[in-house]
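Below you'll find the structure, written out as structure tokens, and then a few comments.
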Amino acid sequence: MNVSLTPELESFVAKRVESGRYSSASEVIREALRLLADQEAFRAARLAEFQAELDRRLAEADRKALVSPTAIRDELRSRSRARKKSAR
């Protein structure tokens, strides 16, 4: 396989090799691809969680087991704060 990089990315890879952390450009690219795969798996898991939650809530709505808008808003705010804390 042959890969073309922009000059900026080529410089980035060269600097990683020069730093001594990687012994070759191929190592840098393999690590980058592993990280991309991890990130995509994380996103897929988050999407699956979201879909499951959406399905659960739609099923509740179908059963008329609805929660008040205030309770939903409070829950979403709480989750948002928790995510922001964990992202730091």
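Just so it is clear, none of the values below were taken in a lab; they were calculated from the coordinates. All values derive from a computational prediction rather than experimental measurement. Note: ideal-geometry Cβ built from the backbone for every residue, glycine included; neighbour counts use all protein chains shown.
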Failed condition for residue 37, given (1) farther than 30 Å from residue 79 by Cβ; (2) in a helix (DSSP H, G or I)
(1)
Please enumerate the residues belonging to the range 59-80 that are surrounded by fewer than 10 Cβ atoms within 10 Å (Cβ to Cβ) and of a type in the set (A, V, I, L, M).
65
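Can you find even one residue in the range 6-16 that is in contact with a Lys or Arg (Cβ under 6 Å, 6 or more places away or on another chain) and either of a type outside the set (S, T, N, Q) or touching a residue at least 24 places away in the same chain (Cβ under 8 Å) (or both)? Reasoning before the result, please.
Looking only at the range 6-16, we keep the residues that are in contact with a Lys or Arg (Cβ under 6 Å, 6 or more places away or on another chain), and these are none.
Taking every residue of the range 6-16 in turn, none turns out to be in contact with a Lys or Arg (Cβ under 6 Å, 6 or more places away or on another chain) and either of a type outside the set (S, T, N, Q) or touching a residue at least 24 places away in the same chain (Cβ under 8 Å) (or both).
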In the list 86, 24, 68, which residue meets the criterion of being in contact with a helix residue (DSSP H, G or I) (Cβ under 7 Å, 6 or more places away or on another chain) and not aliphatic (A, V, I, L, M)?
24
Is it the case that some residue within the range 15-29 is outside any helix (DSSP H, G or I), surrounded by 10 or more Cβ atoms within 10 Å (Cβ to Cβ) and not hydroxyl-bearing (Ser, Thr, Tyr)?
yes
